[in-house]
Amino acid sequence: MARKKISINDLYLKKSANEKVSWLTCYDFPTAQFQEAAGIEMILVGDSMGMCVYGYQGTIPVTMDQCIVHSEAVRRGAPTAFVIGDMPFMSYQESDQVAVANAGRFLKEANVDAIKLEGGVRTASRVQAIVDAGIVVCGHIGLTPQSSGQLGGHKAQGRTAETAELVIKDALAIEAAGAQLILLEAIPPELSAVITQKLKIPVYGIGAGLDTDGQLLIVSDLVGQFQAFTPKFVKKYCDVAKIYTNAFKEYIKDVKTQAFPEDQHCYHIIKGEEERFEEMLKKFK
Ligand code: KIV
């Protein structure tokens, strides 16, 4: 039986039942179909597409138009998952008005269920403005890759008492601003456990330990597709780089040795047409 569409209410029910939620990034239609078939509950069309799909050094160059196109494709492939569009750098930083307009594009053009944006206390007014427009918002605090320059790189956050307090204040500010979900990235499990206890909204983690309401991973890390680096929190479940490269090597070898194509891969002249075909060829002798 086809699965019922997952709604924000379902995510709250899972939190109260202490049922952990599975969440992955996704950027394209076929992968979305595989994730949907596997039963993934949430999908983030992350601006990590900058590195995972486009080969950029980071997320900064990613545009709204790229995020919309990829979100549309993912939505088509995963009709029942809870799909979140990720607001790219400078799609919300400038003003509340710009933030609302861009968040609205995700819903109108890509039919996603929610949007995600980075930042704590300093992003609270953006969160509130988008929520006031009737859009479900997922906050994202801890390591926030779009401001990794200010953080001194892609570094875990909240590892001292002072910085952990800042992360807690960020979480409280985002919940108070009306976000209905929040993601904690690369913070100590001791800290994410406290935040998950303290907040009423579902709290998910990537590199934040076990004691959250669910886990997010980047699909390209999970399947072994992203080659540049592997963060400590990644668990690799398969190695598509190896599978793809071996398949490509086999193909190249088959082409060179004429092991491919075989007869089963060919379209022959239709039975009964052979004589007329031979006759026709005489014109070209
Ligand atoms: O874009 C993304 O995939 C993200 C994760 C790193 C959390 O925002």
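The values are calculated or read from the model by the stated rules, or taken from the named source; none is laboratory data. Fair warning: this is a prediction, and the values are worked out from it, not measured in the lab. Counting neighbours? That spans all protein chains shown, and the Cβs are built from the backbone with ideal geometry, glycine included. Calculation scope for accessible area: heavy atoms of the full protein, side chains included, ligands and nucleic acids excluded. Shrake-Rupley method; radii C 1.70, N 1.55, O 1.52, S 1.80 Å.
Top mean-square fluctuation among 117, 222, 184, Gaussian network model of the chain, C-alpha springs under 10 Å?
Looking only at 117, 222, 184, the biggest GNM fluctuation is shown by 222.
So how long is each side of the chain along the principal axes, counting just the alpha-carbon atoms, biggest first, in Å?
So the three principal-axis extents are 86, 40, 36 Å.
Per residue of the range 133-139, what does 6.51 cos²θ - 1.76 cosθ + 1.60 with θ = phi - 60° give for ³J(HN,Hα)? Whole Hz please, x for Gly and Pro, Karplus curve as stated.
Rounded to whole hertz, the list is 7, x, 10, 6, 10, 10, x.
What do you get for the angle between helix 240-257 and the principal long axis of the chain? Use alpha-carbon atoms, 0 to 90 degrees, nearest ten.
Approximately 10 degrees, to the nearest ten.
Can you tell me the 0 to 90 degree angle between the C-alpha axis of helix 29-38 and the longest principal axis of the chain, rounded to 10?
In the chain, helix 29-38 runs at an angle near 70 degrees to the longest axis.
Taking the full set of protein chains and a 1.4 angstrom probe, give the accessible area of residue 105 in square angstrom, rounded to the nearest 10.
In the full protein context, residue 105 sits at about 60 Å².
Over the Cα atoms of the range 122-273, what is the Rg over Rh ratio if Rh follows Kirkwood?
Looking at the range 122-273, the ratio lands at 1.28.
Report Rg/Rh for the range 193-283, rounded to two decimals, where Rg is the Cα radius of gyration and Rh the Kirkwood radius.
1.44
What order do you get for 92-98, 139-145, 195-201, 227-233 when each peptide is scored by the mean count of other beta carbon atoms within 10 Å, highest first?
139-145, 195-201, 92-98, 227-233
Looking at this model, which pairs from 198/235; 20/242; 5/116; 169/198 are more than 21 angstrom apart at the alpha-carbon?
198/235; 20/242
Can you give me the Cα centroid spacing of the range 1-70 and the range 131-164 in angstrom?
Computed from Cα coordinates, the inter-centre distance equals 19 Å.
Put a dot 7 Å past each Cα toward the Cβ at residue 57 and residue 263; how far apart are the dots in nm?
Result: 5.7 nm between the two label points.
Mind pulling the angle between the C-alpha long axis of helix 189-198 and the longest principal axis of the chain? Nearest 10 degrees, somewhere in 0 to 90.
70
How large is the dipole of the range 8-238 about the Cα centre if only Lys and Arg carry +1 and Asp and Glu carry -1, each at its Cβ, rounded to the nearest 20 debye?
280
Sum -39500 (n - 2.57) across every DSSP H segment of at least 4 residues in the chain, then divide by the residue count to get the 222 nm mean residue ellipticity, nearest 500.
Computed mean residue ellipticity for the chain: -12500 deg cm²/dmol.
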